[in-house]
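The values are calculated or read from the model by the stated rules, or taken from the named source; none is laboratory data. Note that the structure is predicted; figures quoted are calculated from it, not measured. So basically every Cβ, Gly included, is an ideal-geometry build from the backbone, and we count neighbours across all protein chains shown. For accessibility, only protein heavy atoms count, side chains too; no ligands or nucleic acids. Shrake-Rupley method; radii C 1.70, N 1.55, O 1.52, S 1.80 Å.
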Amino acid sequence: MFKIGSIILKRTTRLVQMKYVTIPTVFKRNFSKSAMFYTLQPPRDIATEACSVRTHKGLVVGLYTNPDDPLDVGTLTPTGKRYNSHVDNKIMELLNFTGPPPEKGVVRIFYDLDKSFDAVAVVGIGRQCQGYDVFEQMDEGKEAIRIAAAAGCQALQELHLRKLCVESFGHSESAAEGAALGVWLYQEKKSKRNQLPVPLLELHDDCDWTGWQIGLQKAAAQNLARQLMDTPANLMTPTSFAQNAVEVLCKSGVNVEVKVRGWAETNNMNAFLAVSAGSCEPPIFLEISYYGCSRDERPVVLIGKGVTYNSGGLCLRNLAHQQLMRGEMSGAAVVVATCRAVAGLQLPLNVRGLIPLCENMPGCGALKPGDVIKCSNGKSLFIENTKCAGRLALVDTVFYAQNFWPRFILNVGAISSCSRKSFGQACTVACTNSEALWEYMLAASMHTGDRVWRMPLWKHFTKLLINNHECDVKMTGKAKITDSHYGGPCKVAAFINTFMPCGDWIHLDTMGVMYSTGNDYIYLREGMSGRPTRTVVEFLSQLVCQNACS
């Protein structure tokens, strides 16, 4: 019998029995012809070994499938095929055990395929070689890439991985957009321990670094707009919005001028001041300047509606309609985000952003139905419904924009609820007096998947606003007292157009796309959507490319 440390070894004729007393010490036994000896080895810490092996990285690859062929097992993307070969065909083998191949936007997660990644997400992309759909007015292939990248990244984000490597799926810009939009969510007011970590995104096995960075810039701009829109109205007042805009844009080399009530009074912006008359929050006017080329070049003027909260004023909205009114400053958020993206992409054009910031509240000095206001261009304006007072902030601004001799004016804002009732989240409503601007905007929306639909700018709607004996222009232009929603988006555009100086102009109504339910677009979680930021950025980029070619 041998006694070593705390372990007693009892030798019999046929076997060696080891009785463990206290310490789980591991022995290595070596038999030789001449002697028998025992060697002590340090104990293994399984938990420590597992942590040292884990990389906290994930990989997202794609799988093409044919939904019309029930026997189709799917085809990996070129990047997926290379990785599948690297892991000895494990991905395809495991996919055979998980049932039918994943459809578009459906994810399969596999673990411990190799030491490089803790988890690998295989995402269905749908049909191979998808392209522009004439009826949908969208590039279906790029939209499928955004959906796949977002679905894969969201699935791996739930595992709290620190870095996600995403393949390009054939178009790195769209992959970057889908991934960056998909992992973002508004959670600033949650405690740190309850927040879902946002991983670092990296392009995997592709050399299109430029396209990837452009996609990240566009997605970051839309995420900025989402953050501004989703911040509660008590925290995103006109003053705090101006502070956020200054902080964000000045870091990007964009100049921001903050103008107060006295400046608006000097410029006779009575319509803008009337909207804020019922609120204790003072109105603020932001003037943003970006110079990407010679200062002598005429700028593009972007105007964003900045009503940080619209209660309806004395014509108070009901509770259901007030729930999302913190997002009525979506136009202002889009303009700020677009200016930062333009600076980040270093587009060679001059941009001037004009944002009237105010609140519409039922205070003692609030605007009243039946009031008449004299606007900065000298026209008298009859107030019919204070719920629609947000559009008043734009009429003085579009007239002020003529001071910059703009190439064209683009105004954006959540204005008409009829656009939401008509189209929902499907598209942004557009009206314009320029066919060239519409063609650029339509092409941009096809590329980004954030569609825009054109509505008519007919004199029929203008006549409803100006043919009356009470004043020069009516606010809503009801044909009858019961026609509260008659041609809503078109009448809004006609209303703004009556104050528009001469020149090209395009109007975007974002009321329908302001909020995302999280169902229509996988890469936009539930909350404020920030749309159509990417479309506006792409629209300006196409203008630059056209000017460079001509």
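Using the Cα centre of the range 402-527 as the reference point, and only Cβ charges (+1 on K/R, -1 on D/E), how large is the resulting charge dipole? Debye, rounded to the nearest 20. Intermediate results must be reported in sequence, preceding the final value.
Values: 12 positive and 10 negative charges, 63 e Å.
Around 300 debye, computed over the range 402-527.
May I ask you to give the percent of accessible area on the range 51-175 that is carbon plus sulfur, with a probe radius of 1.4 Å?
Details: 3130 of 5940 Å².
After summing per-atom areas, the C and S share lands at 53 percent.
Dipole magnitude of the range 226-289 about its Cα centre, charges +1 at Lys/Arg Cβ and -1 at Asp/Glu Cβ only, in debye to the nearest 20?
Numbers: 4 positive and 6 negative charges, 12 e Å.
Charge dipole, the range 226-289, about its Cα centre: 60 debye, nearest 20.
On the protein heavy atoms, probe 1.4 angstrom, tell me the percent of accessible surface of the range 336-391 carried by carbon and sulfur.
Numbers: 900 of 1800 Å².
That fraction is 50 percent.
Only Lys, Arg, Asp and Glu count, each charged at its Cβ (+1, +1, -1, -1), so figure out the dipole size of the chain about its Cα centre, rounded to 20 debye. All intermediate terms of the calculation are to be shown ahead of the outcome.
Details: 57 positive and 49 negative charges, 461 e Å.
So the dipole magnitude of the chain works out to roughly 2220 debye.
To the nearest 10 degrees, how steeply does helix 435-448 sit against the main Cα axis of the chain, on a 0 to 90 scale?
Rounded to the nearest ten degrees, it is 20.
Heavy atoms only, probe 1.4 Å: what % of the accessible area of the range 403-550 goes to carbon and sulfur, would you let me know? Walk me through the numbers before you get to the answer.
Working: 3120 of 5820 Å².
After summing per-atom areas, the C and S share lands at 54 percent.
Just checking my list (1) 25.0; (2) 26.3; (3) 27.8 against Kirkwood radius over Cα pairs in Å computed from this structure; which label fits?
Calculated Kirkwood radius over Cα pairs in Å: the matching label is (2).
Show me 229-241, 368-380 ranked by packing, highest mean number of other Cβ atoms within 10 Å first.
Values: 229-241: 18.9, 368-380: 15.1.
Answer by packing, highest mean first, reads 229-241, 368-380.
With n ≥ 4 as the cut-off for DSSP H runs, can you work out [θ] at 222 nm for the chain, using -39500 (n - 2.57) per run divided by the number of residues, rounded to the nearest 500?
It comes out at -10500 deg cm²/dmol, rounded to the nearest 500.
Dipole of the chain (Lys/Arg Cβ +1, Asp/Glu Cβ -1, origin at the Cα centre): which of GLY304, THR533, GLY62 lies farthest to the positive side?
The listed residue farthest towards the positive side: GLY62.
For the chain, take the longest principal axis of its alpha carbons; what is the angle in degrees between that and the long axis of helix 140-157, to the nearest 10 within 0 to 90?
So the helix axis and the longest Cα principal axis differ by about 50 degrees.
Tally Lys/Arg at +1 and Asp/Glu at -1 over every other residue whose Cβ is under 15 Å from the Cβ of MET329; what's the total?
Details: positive: ARG226, LYS305, ARG326, ARG391, ARG531; negative: ASP230, GLU281, GLU328, GLU359, ASP509.
Combined, the nearby Lys, Arg, Asp and Glu give 0.
Might you tell me the accessible area per residue for the range 169-211, computed with a 1.4 Å probe and given in Å²?
Values: 2260 Å² over 43 residues.
Normalised by residue count, the accessible surface of the range 169-211 is 53 Å².
At what distance in nm do the modelled label points of SER294 and GLN542 sit from each other, each positioned 7 Å from its Cα along Cα→Cβ?
Each label point lies 7 Å from its Cα, and together they span 2.8 nm.
Suppose R0 equals 51 Å. What FRET efficiency, 1/(1 + (r/R0)^6) with r the Cβ-Cβ distance, do GLU287 and SER85 give to the nearest 0.05?
Details: r = 57 Å, r/R0 = 1.12.
My answer for the efficiency is 0.35.
Mind checking the full-extension length gain between GLN346 and THR55? Use 0.36 nm per residue of separation minus the Cα-Cα distance, one decimal, nm.
Numbers: separation 291, 0.36 × 291 = 104.76 nm, distance 3.58 nm.
Between GLN346 and THR55, full extension yields an extra 101.2 nm.
How far is helix 488-497 tilted off the main Cα axis of the chain, in degrees rounded to 10, range 0 to 90?
Its long axis makes an angle of about 60 degrees.
Would you mind getting the accessible area per residue of the range 69-126, heavy atoms of the protein chains only, 1.4 Å probe, in Å²?
Numbers: 3140 Å² over 58 residues.
The answer is 54 Å² per residue.
Can you give me the distance in nm between label points at GLN402 and VAL198, each placed 7 Å from the Cα along the Cα-to-Cβ direction?
So the label points at GLN402 and VAL198 sit 4.2 nm apart.
Please find the FRET efficiency linking LEU159 to ARG454, where r is the Cβ-Cβ separation and R0 is fixed at 45 Å, and quote it to the nearest 0.05. Each step should come with its number before you reach the end.
Details: r = 44 Å, r/R0 = 0.97.
Calculated value: 0.55.
Please work out the average accessible area per residue across the range 410-550, using the 1.4 Å probe convention, and give it in Å².
On the way: 5390 Å² over 141 residues.
With the other protein chains kept in place, the range 410-550 gives 38 Å² per residue.
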